[in-house]
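Here's the structure, in structure tokens; my notes come after.
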Amino acid sequence: MAQRNTSGGTRTITEDNMRQKFKTLVLKLKQGASPARDTAAMSNDELDAYIDQMLHDIHVMLVDKTVDLRTRIKQARPSPDDPQYNAKMQAYLNLLKIVEPLFKEMQNSFGEVLDHFHQFINDVWKDVTKNKGKNTDAILDRYTQQINKCMNNKWGQYFKEIEGRIAEIKRIHA
């Protein structure tokens, strides 16, 4: 991934990645993208297995990404044999101060996004069963606004804080 050369580069890249993933989801929902399989021809057991597989895929992706983050952070820790161990260890501890609030916010955000998604599913289901789907576009737009608000309000605050911490680290090590 190419990094942008701006003062908020990290924030921009992360927000762009998150927005792109949500745009893909929204696009699929708006276009009425059909599942990979013909669900109308599935038995109840096959439908259950299909749902289980979709959720399992999400679970595996989250676990894989979490393991990747853990590995990346642990690899940054300096070796005690390094001649500049003390300085590098201080930088590593500063890195941990930066990522700790992000991890906490990620956990909170994932929970909030999933709560919004639960409500979205309930609202769409009610609309489809009671109004023949007449309001699904409005429901989708409201859901998209909620997710964007969540990203902008919460993540924007943390990225500003992190940018300040990074600037402080740069001053210390300059």
Taking amide H positions as placed in the peptide plane 1.01 Å from N, state which residues far from Gly133 in sequence (5 or more) or on other chains have amide H under 5 Å from it. Val128
Interchain or sequence-distant (5+) residues whose placed amide H lies within less than 5 Å of the amide H of Arg77 are none
In straight Cα distance, which aspartates and glutamates are under 13 Å from Lys130, not counting same-chain residues fewer than 8 positions off? none
Classify the stretch 109-169 as rounded, prolate or oblate from the Cα gyration tensor: take a ≥ b ≥ c as the square roots of its eigenvalues, call it rounded if a/c is under 1.5, otherwise prolate when a/b beats b/c and oblate if not. prolate
Which whole-Hz ³J(HN,Hα) couplings does the stretch 154-159 yield from phi under the Karplus relation 6.51 cos²θ - 1.76 cosθ + 1.60, θ = phi - 60°, glycine and proline marked x? 7, 5, x, 4, 5, 5
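Bear in mind these aren't lab numbers, they're just calculated from the coordinates by the rules spelled out. Since the structure is predicted, the reported quantities are computational estimates derived from the model, not experimental observations.
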